[in-house]
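Have a look at the structure below before the remarks.
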Amino acid sequence: MTEAPATMPVWVDDQTVGGVLRRTARMHPERDAVVFPGLALRWSWSELDRRVDAVASGLMALGVAPGEHIGIWSMNAPEWVVTQFAAGRIGAVLVNVNPAYRLHELESALQLADVTTLIVGTPFKGSHFSQMVESLCPEAAQARSPDWSSARFPKLKRLIALAEPPGPGWLDWSGLTRCETSSELAARESRGEAQDVYNIQFTSGTTGLPKGAMLSHRNVLLNAYYVGRRLRLSEADRICVPVPFYHCFGCVLGTLVCAVYGAAIVVPAPSFEPRATLAAIESERCTAVYGVPTMFVAMLEHAERQPFDLSSLRTGIMAGSPCPLPLMQAVVSVMGGREMTIGYGQTEASPIITMTSVDDPIEVRAGTVGRPIPGLEVSLVEPGTRREITGDEPGELRVRGHCVMAGYYRNPEATARALDAEGWLYTGDLARARADGNYRIVGRSKELIIRGGENIYPPELEEFLHHHSNVAEAAVVGLPDARFGEVVAAWVVPKPGSTVSAHDLREFCRGQIAHFKIPHYIQIVDQLPRTVTGKVQKHVLRQQGIDDFGLHGADETPTA
């Protein structure tokens, strides 16, 4: 199977997400579409299509209009997949809400994205999603019917519980699934356009505090199509997806790639569990598996303790942070992923920009992030001046083409910083072009911290720490870590006459921000190092942290 040239039209180019599902359901009606082994759930493509029609009709009956924003706040669940396609079918915009969010972040997400309908997941471990929603929106908790309004969230109209509704202010998911297909659904679906915004995903990727990247049907479907071609997928493939749906990795490279090719999506658990993932590969005879490097490390460690039959495994995608050569070699030799690939991108690019091929030498698949997928232009520019660079000099990687987002929702200033008038998206990552057309990421021109595949932007965390009553200043940097690639380190200056401890700050963070953002290292200091102009010298803090915590010898430079 060869890739379609960039100049050759592909069938998804003018499609919507709902239309792609309908076509695949016609072509492969009885093949597995969605499998959750832990739930003993198995839906065919025709069954998934039927369920999507029912929920789409139910959402229309509730009054969800074209262009309205439907948020989903849940772990990986079958209902997440149904919601994703139902939103696309009725011309609504899906807003992905990270299930690790706590109150501070949830409030920001709902307000920033103008969510009108929020679908709320079942409790998971320490996260009781509906209780957290009600603490932010007491009007729903006190309502005697689903007809209520919120002063804090004036756009929010509906709360839909995947579990038993906690009260009369909530709607019931099971009621949506029993809806008969509306006669208006076909008309609504036919009005959808490939260029319509379909998805808003929050990112801290390129220009600072969280922003909602707007992705069109065409953005995500072409990305899914070309990624599938590079993996050489067909309807015979079965993809194990332990990565979260709220992220592009799960809901574009996972569900949408499968929908485009008719491959089965196998979801081992609500969140990543190494044993459940290996067991799913074995029992479902998966041919591909996805993950960030830390996931593969955990699977390899588990596989050494308990053998699994992974002979079906052929390929997959490792992305999110660097992949050392020994790790790639172990994935090939122990797990059998002889055609494992490396992907590089960001949410604003829907997400894949460059990717290795299944037949690339292992050195290319571990030492580079591959070459651009068809239809994309990539070049390197001098940070700051944006002067184009030629030869092997490193520069900021920029991309132009079908993957580039429509912009940040209601944030024209941030959009103007990330996109230029010629359609280039500036990634903030420093790369080096090789003579063979592959790219190597050599660093970052901004301060983004990538902890185990999760993006953390220091200004966001610094701003949050400043809310502590005893904190005068805070500076956050990433420090190298053998397990996660990087972890968060914070230097905090107390207010005059006040005291604060590392324990105090971690307790302040818990329940308010995602666990992966809570600083791993905290230093209480009298002052921060600054330049003569007053700017905090973060490179000094980083070196100080490496010295203080004995991190010399850790891999500080991304290789892929």
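Every number in this text was worked out from the coordinates using simple rules, so none of it is lab data. Only a predicted model underlies this, so the values are computations on that prediction, with no experimental measurement involved. Positions of Cβ are generated from backbone atoms using ideal geometry, with glycine treated the same way; all protein chains shown enter the neighbour counts.
Some notes on this structure:
- Here the Debye sum runs over all C-alpha atoms of the stretch 449-548 as equal scatterers in vacuum, and log10 of I(q)/I(0) at q = 0.25 Å⁻¹ comes out as -1.50.
- Summed side-chain charge close to Y408 - residues other than Y408 whose Cβ falls under 10 Å, Lys, Arg +1, Asp, Glu -1: +1
- Distances between every pair of Cα atoms in the stretch 11-335, grouped in 20 Å steps from 0 to the bin holding the largest one, split as 32, 58, 9 percent.
- Contact order for the chain, expressed relative to its length and based on alpha carbon pairs under 8 Å spaced 6+ residues apart, stands at 12 percent.
- Net charge, A472 excluded, C-beta distance under 13 Å - Lys, Arg +1, Asp, Glu -1: -2
- Charge-dipole axis of the stretch 11-335 as Lys and Arg at +1 and Asp and Glu at -1 on Cβ define it, positive-most pick from G192, V297, T116: V297
- For the chain, C137, C179, C248, C251, C258, C323, C403, C509 have no disulfide-compatible partner, since no other Cys C-beta lies under 4.7 Å from theirs.
- Most positive-pole-ward Cα, A433, Q527, G478, against dipole of the stretch 417-560 from beta carbon charges: A433
- Whole-Å distance, taken between Cα centres, linking the stretch 459-508 and the stretch 51-66: 44 Å
- Taking the DSSP beta bridges with both ends in the chain, the antiparallel portion is around 55 percent.
- Annotation for the stretch 174-195 versus the stretch 126-170: alpha-carbon center distance of 25 Å.
- Summing +1 for each Lys or Arg and -1 for each Asp or Glu among the other residues whose beta-carbon sits under 14 angstrom from that of M295 gives 0.
- Cα gyration tensor, the stretch 71-128 - rounded (a/c under 1.5), prolate or oblate: oblate
- Shape call, the stretch 240-374: gyration tensor on alpha carbons, a/c limit 1.5: oblate
- Relative contact order computed over the stretch 11-335 (Cα-Cα under 8 Å; 6+ residues apart), in percent: 19 percent
- Given +1 at the Cβ of Lys and Arg, -1 at the Cβ of Asp and Glu and no other charges, the dipole of the chain around its Cα centre is 340 debye to the nearest 20.
- In whole percents, the pair-distance distribution calculated for the chain from its alpha-carbon pairs, binned every 10 Å from zero, is 3, 18, 29, 28, 16, 5, 1, 0.
- The stretch 11-335, dipole about Cα centre (Lys/Arg Cβ +1, Asp/Glu Cβ -1), debye to the nearest 20: 340 debye
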